[in-house]
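See structure below.
The values are calculated or read from the model by the stated rules, or taken from the named source; none is laboratory data. Keep in mind it's a predicted model, so treat the numbers as computed, not measured. Cβ atoms come from the backbone with ideal geometry, glycine included; neighbour counts cover every protein chain shown.
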């Protein structure tokens, strides 16, 4: 497996629709940067967030998820409470090739503020908007800006296509369009 460069990312996005909308250079004037970087793509977070709260004393259980565990907020930015967590989605829609796996890493601008971003790998032939997991590890409220960069996606291409892709196994998060909650 080899990490892919900005040239490969541009080609796959423009010729094969791997990322849409796509920015073929890094946008950074007055915003947390997004777009193509040397060996990845900095995706943007949309303007809708689901912030976890304990108002209803719900339990976070992945097998029996209670939607009362969060409140929905929409806007130009969001404040994530101290030691709390939010879900969001990417602005970009991804279509991953059959011989590619991605990994997500947080952007240093947010990491230096105690904000950790976790996204599971995009498996071969997965497609959809990305559900983003954002943790505020600080004892202070943390601000996240909508429509700006949040994390970087790294693309790894194998020398052969996988035997069974996410699409082949009809993955439960295939073609997700919004913030998708845990499914069983």
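Which one of the conditions (1) in contact with a strand residue (DSSP E or B) (Cβ under 7 Å, 6 or more places away or on another chain); (2) surrounded by fewer than 14 Cβ atoms within 10 Å (Cβ to Cβ) does residue 161 fail to meet, given that it meets all the rest?
Every condition holds for residue 161 apart from (1).
Residue by residue through the range 150-177, note down the ones that are under 30 Å from residue 114 (Cα atoms) and not in a loop (DSSP other than H, G, I, E, B).
Residues satisfying the conditions are 150, 151, 152, 153, 154, 155, 156, 176.
On the basis of being without any contact (Cβ under 8 Å) to a residue 40 or more places away in the chain, surrounded by 14 or more Cβ atoms within 10 Å (Cβ to Cβ) and in a strand (DSSP E or B), does residue 73 make the cut?
yes
Only one residue in 55, 31 is under 15 Å from residue 150 (Cβ atoms) and either over 17 Å from the mean Cα position of the chain (by Cα) or at pLDDT below 95 (or both). Which one?
31
Can you spot a residue in the range 92-108 that is on the phi < 0 side of the Ramachandran plot, in a helix (DSSP H, G or I) and out of contact with any strand residue (DSSP E or B) (no Cβ under 7 Å at 6 or more places or on another chain)?
Checked against the condition, which is being on the phi < 0 side of the Ramachandran plot, in a helix (DSSP H, G or I) and out of contact with any strand residue (DSSP E or B) (no Cβ under 7 Å at 6 or more places or on another chain), the range 92-108 yields at least one hit.
Could you tell me which of the residues 138, 131 is in contact (Cβ under 8 Å) with a residue 12 or more places away in the chain and more than 30 Å from residue 5 (Cβ to Cβ)?
It is 138.
Give the residues of the range 25-52 that are out of contact with any strand residue (DSSP E or B) (no Cβ under 6 Å at 6 or more places or on another chain) and not in a strand (DSSP E or B), sorted by residue number.
Answer for the range 25-52, where residues must be out of contact with any strand residue (DSSP E or B) (no Cβ under 6 Å at 6 or more places or on another chain) and not in a strand (DSSP E or B): 28, 29, 30, 31, 38.
When the residues of the range 117-138 are narrowed to those that are modelled with pLDDT of 95 or more and not in a strand (DSSP E or B), which ends up farthest from the chain's Cα centre (by Cα)?
The extreme case among them is 138.
So which residues in the range 9-22 are part of a helix (DSSP H, G or I) and either touching a strand residue (DSSP E or B) at 6+ places or on another chain (Cβ under 7 Å) or surrounded by fewer than 12 Cβ atoms within 10 Å (Cβ to Cβ) (or both)?
Within the range 9-22, 9, 10, 13, 15, 16 qualify.
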